[in-house]
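Read the figures in this text as sums done on the coordinates, not as results from a lab. If you're wondering where the values come from, they're calculated on a predicted model, not measured in any experiment. Ideal geometry is used to build each Cβ from the backbone, glycine not excepted, and the neighbour counts take in all protein chains shown.
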Amino acid sequence: MPPASIPAQHVLITGAAGFVGSNLTRHLLDTGHQVTGIDNFSYGTPSNIEELTGRPGYRFVEGDLCDPAILAGIEADTIVHLASQKIPRYTNSYHTIVENDRMTSIVIQRCLELGARLVFASTSDVYGKNPRVPFNEESDLVLGPTKVKRWAYAASKIHSEHKIIATGEEKGLKYTILRLFGSYGPNQNLTWWGGPQSVFIGKALRNEVIELHGDGQQTRTFTYVDDTVQGFQLAIERPEAVNEVFNVASDPGAEVTIEQLARIIWRLIRPQDQEPKLTLIPYATFGGGYEDVLRRVPDITKIRERLGFAPRFGLEDGLRRTIEWQRNRPA
């Protein structure tokens, strides 16, 4: 017998016009929840939420979450905090560190005022350079030197996790922390902010050379967005998720090298007799002593056993759906 669910709620989503936010909004509305979304369109786009306009139980507010006034007057049972600055691959790390801390602090304060629960979108990047895979929720978090700006994003998420957990201990905040592994799918950002799969799909559709960072042998485990959304919905609805940390990922057996990912995407898009156009880009071109993670493999035992999470999409199935969306996306 499945565990009891929390009744339908009013859910506030930050970063609601982004990739995960827009997909989550649609699914929550489909399953009877009310949703208020907030976004400043720094990474999300109006087209991601266009079809949601006018739906019963849905409201959208355009604004910057770094301004605490944006949350004033908005009621919610649960706040899903997705808004975030990303890995500073091409920029400095200041905004990543400062804005992620500020946004998390503002969301925590509003949760305390409302007595709302916080569902926080963390990242698999927090596991950093830990060589012991697969990563479970108790694994060590191993980052590189602070002079390497690439680690600013992971550090900001680790800091937010600590702040959330400490606030729970000190002030009774109820929370769930989700560490996401390589989400992809419709509405993904088409630049590197969206991940390698979005860039590779675009290159293959245009018959252009796919650039692989480093030697292309670093591995990842990619998660189709519907499975990511399943993790969020379980975190929102299951009482067993309160005050816990969970990995949200696809089957750990789906680990793939970045070169393999590029070749799969090329095969799904280009003529079968056409060799993939691949080239290697040294990390030195990024500046700032950029470092990459060699393997990123999840252990999803905890979320399977506690919440009943079950990934439904294999990599090729998810990529086919994503390619179809990206192929038909308006220019």
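Measure nothing but the geometry: give the 0 to 90° angle between the long axis through the Cα atoms of 315-328 and the longest principal axis through the Cα atoms of the chain, rounded to 10°.
Between the helix axis and the principal axis of the chain, the angle is about 90 degrees.
In the stretch 1-86, which chymotrypsin sites (Phe, Trp or Tyr not before Pro) are in a loop and have at most 16 other Cβ atoms within 10 Å, using DSSP for the loop call?
F41
Scanning the chain for trypsin sites (Lys or Arg not before Pro) in DSSP loops with at most 13 other Cβ atoms within 10 Å, what's the longest stretch left with none?
Of all site-free stretches, the longest is 1-131.
Of the cross-linked pairs K129/K302; K203/K302; K147/K302; K157/K277, which ones have a Cα-Cα span greater than 31 Å in the structure shown?
Checking Cα-Cα distances, K203/K302; K147/K302; K157/K277 exceed 31 Å.
What's the longest bit of the chain with no exposed GluC sites (Glu not before Pro), using DSSP loop states and at most 13 other Cβ atoms within 10 Å as the test?
209-331
Once phi is turned into ³J(HN,Hα) by the Karplus curve 6.51 cos²θ - 1.76 cosθ + 1.60 with θ = phi - 60°, what whole-Hz value does each residue of the stretch 247-260 show in order, with x for glycine and proline?
6, 10, 7, 7, 4, x, x, 8, 4, 9, 6, 5, 5, 4
Residues with amide H under 5 Å of T123's amide H, sequence separation 5 or more or different chain, H placed in the peptide plane at 1.01 Å from N; which?
Amide H to amide H, under 5 Å and 5 or more residues apart or across chains, T123 pairs with L180.
Rg over Rh of the stretch 1-84, using C-alpha atoms and the Kirkwood radius, what does it come to?
0.98
Among L28, L307, Y94, flag the residue with its Cα farthest along the positive direction of the charge dipole of the chain, charges on Cβ as +1 for Lys/Arg and -1 for Asp/Glu.
Y94
Using amide H atoms built 1.01 Å from N in the peptide plane, name the residues 5+ places from F60, or on other chains, whose amide H lies under 5 Å from its own.
Here G37 satisfy the definition.
Can you give me the angle between helix 94-114 and the longest principal axis of the chain, using Cα atoms only, in degrees from 0 to 90, rounded to the nearest 10?
30
For a footprinting-style exposure proxy, rank D227, D251, D215 by other Cβ within 10 Å, fewest first.
Ordered from fewest to most neighbouring Cβ atoms within 10 Å, D227, D251, D215 come out as D215, D251, D227.
Explain nothing, just the number: dipole magnitude of the chain about its Cα centre with +1 on each Lys and Arg Cβ and -1 on each Asp and Glu Cβ, in debye rounded to the nearest 20.
With Lys and Arg at +1 and Asp and Glu at -1, about 480 debye.
Quick one: Cα centre-to-centre distance for the stretch 258-295 and the stretch 220-242, in angstrom?
A separation of 28 Å, based on Cα centres.
Going Cα to Cα from K171, which lysines come in below 19 Å? Please leave out same-chain ones fewer than 8 positions away.
In chain and number order, the partners are K163.
Counting only the backbone N, which residues of the stretch 57-91 are under 11 Å from the spot 7 Å out from the Cα of F41 toward its beta-carbon?
62-63
Quick one: angle between helix 196-205 and the longest Cα principal axis of the chain, in degrees between 0 and 90, rounded to 10, please.
50
Tell me what the chain gives for mean residue ellipticity at 222 nm when only DSSP H runs of n ≥ 4 count, each as -39,500 (n - 2.57), the sum divided by the residue total, rounded to 500 deg cm²/dmol.
Dividing the helical sum by the residues of the chain leaves -10500 deg cm²/dmol.
Which residue, A235, A116, A16, tops the fluctuation ranking in a GNM of the chain built on C-alpha contacts under 10 Å?
A116
Any idea how far apart H95 and T146 come out in nm if each label point goes 7 Å out from Cα toward Cβ?
2.3
Taking R0 as 22 Å, what FRET efficiency do you get between E169 and R306 from their Cβ-Cβ distance, rounded to the nearest 0.05?
FRET efficiency, E169 to R306: 0.60.
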